[in-house]
Amino acid sequence: MRRIIAGVFVSLDGVTESPETWAMRYHDDEMLRDITGSLENKDTLLLGRRTFEEFAGFWPTQSPEDDPFAAYINETPRVVVSTTLGEPSWQPTTVVRSLDDVRALKEKPGKDIGMTGSITLTRSLLREGLLDQLGVLLHPIVIGSGTHLFDDVIARMPLQVIDSRTYKDGVVSITYVPAP
């Protein structure tokens with residue numbers, strides 16, 4: 001079975017909203033190499049509707065010369081979980097309507113399924129036991145307001161740290177899996 005692996009940027013006070021306005025100043029070459037290297041194991045990108053719409057408004061105009069992630073994000077098949085999104089023009093994109101469709105996606109042959117952003121979807125997958133790994137890049141900044149990783153009430157959910165490291169600019173990478 002394929003794994004769903006989410007990666008999120010989080011401030012010290014738990015904010016995940018608009019990381020493009022606060023997180024990038026902390027990203028060094030080592031961190032970018034690690035993130036880029038992790039993409040080799042992922043052949044599908046899973047997104048929520050809002051993140052998909054933000055990406056669709058930005059990434060199609062980016063080239064690998066502009067951004068090292070452009071080729072991956074533009075060419076990798078995307079699956080969007082949404083009950084409201086119509087037929088997207090940014091391809092290759094498939095829209096699924098339910099978490100049952102996500103369960104079915106995990107059963108299909110392939111590499112891991114990657115996620116970025118899509119905090120509402122990440123919470124839903126955690127609640128339903130569909131998220132296999134959560135990578136948090138904890139940034140040394142307090143934002144003060146905005147959407148938090150766990151704004152919605154999630155029942156107690158023990159997680160296990162399987163990896164951690166600190167980058168030179170103070171970002172701490174922590175990888176969690178559901179606790180046994």
May I ask you to sort T84, T166 by Cβ crowding, counting other Cβ atoms within 10 Å and putting the fewest first?
T84, T166
Around S89: net Lys/Arg minus Asp/Glu count, Cβ-Cβ under 13 Å
-1
Farthest towards the positive end of the dipole of the chain, among G146, T76, V161 and with Cβ unit charges of +1 on Lys and Arg and -1 on Asp and Glu, lies the Cα of V161
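Tell me, H139, H27 in order of fewest to most beta-carbon neighbours within 10 Å?
H27, H139
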To make sure I understand the rule: partners must be aspartates and glutamates, Cα under 20 Å from the Cα of K108, and not fewer than 8 residues away in the same chain. Which ones qualify?
E40, D43, E75, D100, E128, D132
Quick one: which residues, 5 or more positions from I143 or on another chain, have an amide H under 5 Å from its amide H? H modelled 1.01 Å from N in the peptide plane, none for Pro or chain starts.
L12, D13, V15
Let me know the charge dipole size of region 17-58 about its Cα centre in debye, to the nearest 20, where only the beta-carbon of Lys, Arg (+1) and Asp, Glu (-1) is charged.
180 debye
Could you tell me what fraction of 2.2 N^0.38 Å the Cα radius of gyration of region 32-138 comes to, as a two-decimal ratio?
1.04
Note down the magnitude of the dipole of the chain about its Cα centre, charges +1 on Lys and Arg C-beta and -1 on Asp and Glu C-beta and zero elsewhere, to the nearest 20 debye.
640 debye
Using alpha carbon positions and the Kirkwood radius, the Rg to Rh ratio of the chain is 0.93
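Would you list K106, K168, K42 from fewest to most Cβ contacts within 10 Å?
The most exposed by this proxy come first: K168, K106, K42.
Laboratory data are not the source of any read-out in this text; all were calculated from the coordinates shown. Remember, it's a predicted structure, so these values are computed and weren't measured experimentally. Note that we place each Cβ from the backbone using ideal geometry, even for glycine, and neighbour counts take in every protein chain shown.
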